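Have a look at the structure below before the remarks.
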Amino acid sequence: MDGNSSEIRSNNIDDNWSTTVRFAGDSGDGMQLTGGRLTFEAAISGMGLATFPDYPAEIRAPAGTTFGVSSFQVRFGEGLIASSGDHADILVAMNPAALKVNIKEVLPGGLLILDSSSFNERGIKKAGYEENPLENNSLAGMQIISADISNLTIEAVKEFGLGNKDGMRCRNMWTLGLILWLFTKETNETINWLQNKFGKDNILAKANMAALNAGHSYAENTEISSDIIRKIVPKIKPAKGKWRAITGAESLAFGLATGAIKSKLNMTLCSYPITPASPIMHYLANYELKGIGIYQAEDEIAACCSAIGVSYAGGLGVTSSSGPGISLKTEAIGLAISVELPLIIINSQRAGPSTGLPTRAEQSDLMQAVHGRHGEAPLVVLAPKSPSHCFHIAQKAIHIAIKYMTPVMILSDAYLTNASEPWLIPDISGIKENPVSFGEYNENYMPFERNPNTLARKWVKPGTKGMEHRIGGLEKDSISGNISYDPENHQEMTNLRAEKIRNIQNEFEKIEIIGPDKGDLLVIGWGSTNGPISEAQELLSNKGYAISHTQISCLWPISHNLKNIASKFKEVLVVEMNDGQLFNLLKVETMPNAKSLTQVSGKPFRVSYLLDKFKEIIELRN
Amino acid sequence: MSINTEPDKLKPTDYASDQEVRWCPGCGDYAILNAVKKTLADKQAKKENTVFVSGIGCSSRLPYYMATYGFHTIHGRAPAFATGIKITNPKLDVWVITGDGDSLSIGGNHFIHLFRKNLNCQVLLFNNEIYGLTKGQASPASRIGTISPSTPSGSLEAPISACELALSSGATFVARGVDTAIKKLVPTLSKAQEHVGTSLVEIYQNCIVYNDDVFKSFTDKSVASEKQIHLEHGQPMLFGENNKKGLAINKDYSSLEIIDLEQNEKEISRVLVHDYKNKTIANLLTQMDQKSMPVALGVIYCVEKPTLDNYYTEKLNQHNNEISNIMEKGQTWTI
């Protein structure tokens, strides 16, 4: 099934108001920054919001070409805002290429804000248009603000002595000024921000402020106001406290650090640069937190091996990558399973196979995570469902890795990594400390003797006197840890490794269900599909449909409870951005009658599409 | 052994684990194992602070036979594990045990980066110029023409020189030894252990089953004095019977040449004095052709440079941010 075939329709599919703004331009046009500013303005108004940066794999493709267009989408409003919007209500396109790439993302009747000076012969040709789209009626039905943004900006910043090139860099602020006016926002917050960023008397601060104000007054003084409805920003009250916006990558970094700190462990993230996983390494490198460092290894394999070395020596080893890198780490992960050491592996999944679509999201590494190693090599697989949830999942992963002496893989994706949402900054002092107790001298120490409850062996680090022992990838005696080729021992060790992981489902006994615990349809999702699924579920539920939703955090081991939960629904639908991988796992393990809904386009599901499909299944059944 | 019954002075045998050694009888690995235990005993190394990390291959079984900490990892990757261990606990004395296939083929990338990063550890490269554990295939160190199960008509590829590779990768300590020459190997291992930085000791190790006598041309007793030069820092580079031969720079070819002092005593002034800080000479020493020149043994090169583990831990000690402050950095709003 293809998620893009659905009819375009309004984002305001129910009474809750929301709007979606998409900024698009060349990589150097500052669209991510402008989008970020509008996000912040929406956030301080207390609105729910979700953002989605969409950028190409090329770093600085030639200016004005379609393959160099990057964009940033932000959706905000009242009520549940869990997805970044199916389609844009407003598109800001800084050149013809940006319009061409993004026009299909805009609602019919939506508002286009265009820089008219870029729609010259050269720009139009570069974008691959046959003729000027502003003149051939192809944008009929759209509302258009076509202003000479380039020249208006250059004019506004002239007094600060900025040349055309530097002046053009302020176009994004001019545009932001206009947008802020559309949402009845003043420019003072952004002015404060510019002054903080550049310094009060800095020439760039002044030029950007002038451009911002010029855009704002342009909107106020020209007749565009008669065509465009000025949207009123609603005020709703979220929880009290200090808030910030957070991306999945930041949230994972915070969660890992918090987990390590609360376990009283030094942590090293050992990584190798790869899109889209690198931001986690960058954040941790820049935080300079006590006891927490990063190590950039010479390759993916070395990154994983050094992380295991960290854990062996009594630190917390973490390695982070995306699909191609995870494939390379596989052999080392098998060793970590065999020697039973804690290890956190983060996979920020991207579209594959092979190099695939490096900047696009997919959930197609689930089978690799669960089964992708030689030998019987079980580990724990967790999946965060939103940027803020990453914070909890990272801590949970560390807790499990230490308690059960096992590698834990966290499946994030390109969407979660970059998407952001408002986050109530947690009180770290309120999070329980859980210091690791390393094995101390014991005359009768046996390296593979296990805790009878968790089946975990003792974590004994080098440097501990009298506890010297050897571990390795060869099969070992189930108690002494000495090399053993004994057939019965191998069977026993295989069973023990499997049982240890199977028991970890007890950690996830409580499965959260949104909606009634019985009904017509249970939608099962995992990871970043939570946004669109939960919005679609809420909309249908409000209309009286008996639909419920669960987003599974622990993908391996699969909880036995899931079977019981699913049995109370007439239909079960597994929704995921792959060819049906969780569906296949559940079919084998838990629910032979489940149905599958998939999309492998590199883009998130649209709420409207899910809505149609859910309705269809429920109505067919009744 | 109980912590309370440990003797005051450790003997080489006190560093042996209770595991039966499973190398082929006559394998050069036995001699190296003994040399390692002797080195540790000479230093009275603390067992609890000593870690042997290995990859895959015959040599990589060594950690199982030591009564220290040991980690038998995966093929070629021991340097990467060692890195994680040392940046977490730089006080540990880490020995990487590897072979020519393990470090020069599948683990080539980690091998060169280890030297570039200068992790403070020892690398003992057991070079037998063959894959032993997989039953005798030609390795990247095998000479051209090596007959093996995978190269029945002789290998085509030229061998890699581990020491040359290490030097060009930025190694700060490069040394060589011979498995059976324990008396010479022990002091070399000892210096490697003392060196702060990555110390490579390439050990010519005879594989009695698959590549027997491959080093005979310079290890055989009858030729050893003529075909080996034992380098000592600050000492003239003399070798041969009664030290009647010396190494000097051949100015025409910018290479080393042999001076026969018996025939020309005056030429002694041209004989090089070994300065292990001189990288150019170190390169020339590692490049000498085994057929016409002696094999350089002992410490070939040794300089001090900052180490990765020291850099990492110093940097980490400077980290003083609290997570709660970092979370509140940047744009926040209060409701």
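What follows is calculated from the coordinates using simple rules that are stated; it is not laboratory data. All values reported here derive from a predicted model rather than from experimental measurement. Cβ atoms come from the backbone with ideal geometry, glycine included; neighbour counts cover every protein chain shown.
Exceeding 28 Å between C-alpha atoms, which entries from my cross-link table qualify? They are A:LYS104/A:LYS329; A:LYS329/A:LYS465; A:LYS290/B:LYS47; A:LYS290/A:LYS396; B:LYS216/B:LYS244. Among A:LYS104/A:LYS329; A:LYS329/A:LYS465; A:LYS290/B:LYS47; A:LYS290/A:LYS396; B:LYS216/B:LYS244, the Cα-Cα distance tops 28 Å for A:LYS104/A:LYS329; A:LYS329/A:LYS465; A:LYS290/B:LYS47.
What the phi angles of region B:214-226 give under the Karplus curve with 6.51, -1.76 and 1.60, with θ = phi - 60°, is a coupling list of 5, 9, 4, 4, 10, 9, 4, 3, 5, 10, 3, 5, 7 Hz, glycine and proline written as x. Taking the C-alpha atoms only, the angle from helix A:203-221 to the longest principal axis of chain A is near 60 degrees. This ranking places A:TYR287, A:TYR415 by how few other beta-carbon atoms lie within 10 Å of each, fewest first, which gives A:TYR287, A:TYR415.
Using C-alpha pairs under 8 Å with a sequence gap of at least 6, the mean separation divided by the residue count of chain B gives a relative contact order of 15 percent. Apply the a/c threshold of 1.5 to the C-alpha gyration tensor of region A:519-621 and tell me whether it is rounded, prolate or oblate. Oblate is the answer for region A:519-621, as a/c is 1.5 or above yet b/c matches or exceeds a/b. Dipole magnitude for region A:519-621: computed about the Cα centre from +1 point charges on Lys and Arg Cβ and -1 point charges on Asp and Glu Cβ, it is near 120 debye. Of the peptides A:104-115, A:257-268, B:249-260, the order by per-residue mean of other Cβ atoms within 10 Å, starting with the highest, comes out as A:257-268, A:104-115, B:249-260.
Largest first, the extents of the alpha carbon coordinates of region A:323-380 on the three principal axes equal 35, 19, 17 Å. Classify region A:18-226: rounded, prolate or oblate, from the alpha-carbon gyration tensor (a ≥ b ≥ c, eigenvalue square roots; a/c under 1.5 rounded; otherwise prolate if a/b is larger than b/c)? The shape class here is rounded. Annotation: amide H-H contacts under 5 Å for A:LYS461 (H modelled 1.01 Å from N, sequence separation of 5 or more, or interchain): A:GLY439. Counting Cβ atoms of other protein chains within 10 Å of each residue's Cβ and taking the mean over peptide B:48-60 gives 3.
As a quick test, which of the pairs A:LYS518/A:LYS613; B:LYS46/B:LYS279; A:LYS262/A:LYS510 have an alpha carbon distance above 30 angstrom in this structure? In this structure, B:LYS46/B:LYS279 exceed 30 Å between Cα atoms. Peptide B:309-322 has a mean shielding of 3, counted as Cβ atoms of other protein chains within 10 Å of each residue's Cβ.
With the helix formula -39500 (n - 2.57) applied to DSSP H stretches of n ≥ 4, chain A reaches a computed 222 nm mean residue ellipticity of -11000 deg cm²/dmol.
Neighbour counts of other Cβ atoms within 10 Å put B:THR83, B:THR286 in the fewest-to-most order B:THR286, B:THR83. Please give the FRET efficiency for A:LYS518 paired with A:MET367, using the beta carbon to beta carbon distance and R0 = 22 Å, rounded to the nearest 0.05. E between A:LYS518 and A:MET367, to the nearest 0.05, is 0.10. In this structure, the amide hydrogen of A:ILE144, modeled 1.01 Å from its nitrogen in the peptide plane, lies closer than 5 angstrom to those of A:LEU112, counting only residues at least 5 positions away or on a different chain. Shielding value for A:292-298 is 5, the average number of Cβ atoms from other chains within 10 Å of each residue's Cβ. Cα axis of helix B:108-117 to longest principal axis of chain B: angle in degrees, 0 to 90, nearest 10? Taking Cα atoms only, the helix is inclined about 70 degrees. Extending 7 Å from Cα along the Cβ direction at A:ASP579 and again at B:GLU262 yields two label points whose distance is 7.6 nm. When both region A:383-418 and region B:139-215 are represented by their alpha-carbon centers, they are found 44 Å apart. Starting from the Cα gyration tensor of region A:388-443, take the square roots of the eigenvalues, sort them a ≥ b ≥ c, and report rounded, prolate or oblate (rounded when a/c is under 1.5, otherwise prolate if a/b is larger than b/c, else oblate). Oblate, because a/c is 1.5 or more while a/b does not exceed b/c. Using C-alpha pairs under 8 Å with a sequence gap of at least 6, the mean separation divided by the residue count of region A:244-430 gives a relative contact order of 29 percent. Taking every C-alpha pair closer than 8 Å and separated by at least 6 residues, the mean separation divided by the residue count of chain A gives a relative contact order of 12 percent. In chain B, one over the average inverse separation of all distinct C-alpha pairs is 21.3 Å, which is the Kirkwood hydrodynamic radius. Going from the residue with the fewest nearby Cβ atoms within 10 Å to the one with the most, A:ARG75, A:ARG171, A:ARG360 rank A:ARG360, A:ARG171, A:ARG75. With both labels modelled 7 Å from their Cα along Cα-to-Cβ, the A:GLU509 to B:SER153 distance reads 7.0 nm.
Per residue of chain B, the DSSP helices (runs of n ≥ 4 H) give a summed -39500 (n - 2.57) that works out to -8000 deg cm²/dmol at 222 nm. Per residue, the convex hull spanned by the Cα atoms of region A:382-523 amounts to 202 cubic angstrom. Annotation: amide H of A:LEU316 within the under-5 Å range of A:ASN266, A:MET267, A:THR268, sequence separation 5 or more or interchain, hydrogens built in the peptide plane. In a simple Cβ point-charge model (Lys, Arg +1; Asp, Glu -1; nothing else charged), region A:18-226 has a dipole of about 520 debye relative to its Cα centre.
Both radii come from the Cα set of chain A: Rg as radius of gyration, Rh as Kirkwood radius; their ratio Rg/Rh reads 1.01. Taking the Cα centre of region A:543-596 as origin and charging only Cβ (+1 Lys, Arg; -1 Asp, Glu), how large is the dipole, in debye to the nearest 20? So the magnitude is around 260 debye.
Rounded to the nearest 10 degrees, the inclination of helix B:78-88 to the longest alpha-carbon principal axis of chain B is 40 degrees. Remark: spin-label model distance B:ILE208-B:VAL223 equals 2.2 nm, labels positioned 7 Å along the Cα→Cβ axis. Computed from phi, the 3J(HN,Hα) profile of region A:346-356 under the Karplus parametrisation 6.51, -1.76, 1.60 (θ = phi - 60°) reads 10, 10, 8, 5, 10, 5, x, x, 6, 5, x Hz, with x in place of Gly and Pro.
Of the peptides B:150-157, A:499-506, A:397-404, the ranking by mean beta-carbon count within 10 Å, highest at the top, reads A:397-404, A:499-506, B:150-157. I want to make sure I understand the PRE zone here: with the label point 7 angstrom from the Cα of A:ASP477 toward its beta carbon, which residues in region A:416-452 have backbone N atoms less than 11 Å away? Residues A:446-448 fall inside that zone.
Here the peptides A:315-323, B:194-202, B:311-319, A:369-377 are ranked by packing, the mean other Cβ count within 10 Å, and the order with the highest first is A:315-323, B:194-202, A:369-377, B:311-319.
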